[in-house]
Amino acid sequence: VDLSVTWLGRAMPGCLYNASGVWCREEDELAALRASAAAALITKSATLAPRDGNPEPRYHPTPLGSINSMGLPNRGFDYYLDFARRYGDGGGKPLFLSLSGLTLDDNCAMLRRLAEAGLPALPEINLSCPNVPGKPQLGYDFGATAEALDAFDAAYPGLYGVKLPPYFDPAHFAAMAEILNRHRRLAFVTCINSIGNGLVVDVDSEAVVIKPKDGLGGLGGDYVLPTALANVREFCRLLPGKDVVGCGGVKSGREAFMHILAGARAVQVGTCLHQEGPGAFARIAAELAALMRAKGYRRLDDFRGRLRTL
Ligand code: RRO
């Protein structure tokens, strides 16, 4: 079977890559992704200046997934831009740069610098970081999102994408889709970022498990799979001509299959990659291929977006 994907005018050898934030903050991690069966790479969300992020502990695995309040620790935009310069075309594995400026001006400054660099790397602008104290998620403010997208169009001449937070109401899917559809060069949306501001409680210690925000953090893993699938399916329906990247709860070939059946063009792996390391990509790809073979599917187009309703 063939797991390759052609989108954004380029070919990817498979459909799986990392979720931004996981295994992609440091060069050695990015090199390990490149050497793995991941079909593309995305870097940790960058701010203009380097950041240490929130105090530790700030990531905690649980039996059903993870909670994090990292607070945007990253090496700063120049570090990832330098990586992109050296990466080149990556031998056919596309490189995405996640951008998460602390202000709209910062995002536009990074986009202008990326455009000036003239690299094949593609921006995924993060509208959904839940973990910087005092900074609400842009994607939950429709007016601010509309203004931001107008500014991105002015700052950047190429195709770009956005990482969205999860939405939970059809009125919100429709309102966000109406805004996104005004922007022709907005070529993809990645659904979903972590479900923000959950609270994991440890019974033994009678305490929270992460330090920032008195324990509040973004949820990933099994907790978020149905919400992620709903966002992928709804945005696929509402954004004709754009691609949706699925992210949330993928830990085997079965969840990857679900995301593609819901319409995802490609699928990102976050919590599972954090737990298992880059070997997860070869395993999940083999499981997806086996499932497709058992069902008689030869390529992803044979079932993408074909989720049946009753
Ligand atoms: O760094 C983080 O705390 C973080 C970010 Br920027 C994000 O977009 N999503 C997330 O779960 N954590």
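The values are calculated or read from the model by the stated rules, or taken from the named source; none is laboratory data. The structure displayed is predicted, hence computed values, not measured ones. Methodologically, a virtual Cβ is constructed for each residue, glycine included, from the backbone with ideal geometry; neighbour enumeration extends over all protein chains shown. Note: accessible area is taken over every heavy atom of the protein model, side chains too, but ligands, DNA and RNA are not part of it. Shrake-Rupley method; radii C 1.70, N 1.55, O 1.52, S 1.80 Å.
Based on what the data block shows, is Leu127 open to solvent by less than 10 Å² (accessible area, probe 1.4 Å) and either more than 16 Å from the ligand (Cβ to nearest atom) or farther than 26 Å from Lys211 by Cβ (or both)? The answer is no for Leu127.
From the list Pro120, Pro166, the lone residue that is under 20 Å from the mean Cα position of the chain (by Cα) and open to solvent by less than 10 Å² (accessible area, probe 1.4 Å) is Pro166. Anything in segment 56-66 that is more than 16 Å from the ligand (Cβ to nearest atom) and of a type in the set (S, T, N, Q)? List them, or say none. Scanning segment 56-66 gives no hits. Do we find that Ala46 is modelled with pLDDT of 95 or more, open to solvent by less than 20 Å² (accessible area, probe 1.4 Å) and closer than 21 Å to Leu8 by Cα in this structure? Here the answer is no, as Ala46 does not meet what is asked.
This table checks each residue for (1) farther than 20 Å from Pro130 by Cβ; (2) open to solvent by 40 Å² or more (accessible area, probe 1.4 Å); (3) among the charged types (D, E, K, R); (4) modelled with pLDDT under 95.
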{"site": "Leu219", "(1), (2), (3), (4)": "no, no, no, no"}
{"site": "Ala228", "(1), (2), (3), (4)": "no, no, no, no"}
{"site": "Pro240", "(1), (2), (3), (4)": "yes, yes, no, no"}
{"site": "Gly246", "(1), (2), (3), (4)": "no, no, no, no"}
{"site": "Arg254", "(1), (2), (3), (4)": "yes, yes, yes, no"}
{"site": "Ala266", "(1), (2), (3), (4)": "yes, no, no, no"}
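In this structure, Leu122 does satisfy being at pLDDT 95 or above, closer than 22 Å to Met12 by Cα and in contact with a Phe, Trp or Tyr (Cβ under 6 Å, 6 or more places away or on another chain). Can you name every residue in segment 137-153 that is more than 11 Å from the ligand (Cβ to nearest atom), open to solvent by 10 Å² or more (accessible area, probe 1.4 Å) and under 18 Å from the mean Cα position of the chain (by Cα)? Across segment 137-153, the qualifying residue is only Tyr140.
The number of residues in segment 72-103 that are within 16 Å of the ligand (Cβ to nearest atom), under 24 Å from Leu8 (Cα atoms) and not in a loop (DSSP other than H, G, I, E, B) comes to 6. For Ala175, the conditions (1) of a type in the set (A, V, I, L, M, F, W, C); (2) buried (at least 20 other Cβ atoms within 10 Å of the Cβ); (3) in contact with a Phe, Trp or Tyr (Cβ under 6 Å, 6 or more places away or on another chain) are fulfilled apart from (2).
Taking the criterion of being touching a helix residue (DSSP H, G or I) at 6+ places or on another chain (Cβ under 9 Å) and closer than 16 Å to Leu97 by Cα, would at least one residue in segment 165-184 satisfy it? No, that holds for no residue. None of Ser20, Ser69 is within 18 Å of the chain's Cα centre (by Cα), open to solvent by less than 60 Å² (accessible area, probe 1.4 Å), more than 20 Å from Leu122 (Cα to Cα) and within 9 Å of the ligand (Cβ to nearest atom) except Ser69. Restricting the first member to segment 30-42 and to residues that are in contact (Cβ under 8 Å) with a residue 12 or more places away in the chain, and the second to residues that are open to solvent by 10 Å² or more (accessible area, probe 1.4 Å) and polar (S, T, N, Q), the beta-carbon pairs closer than 7 Å and six or more apart or on different chains are Ile42/Ser20.
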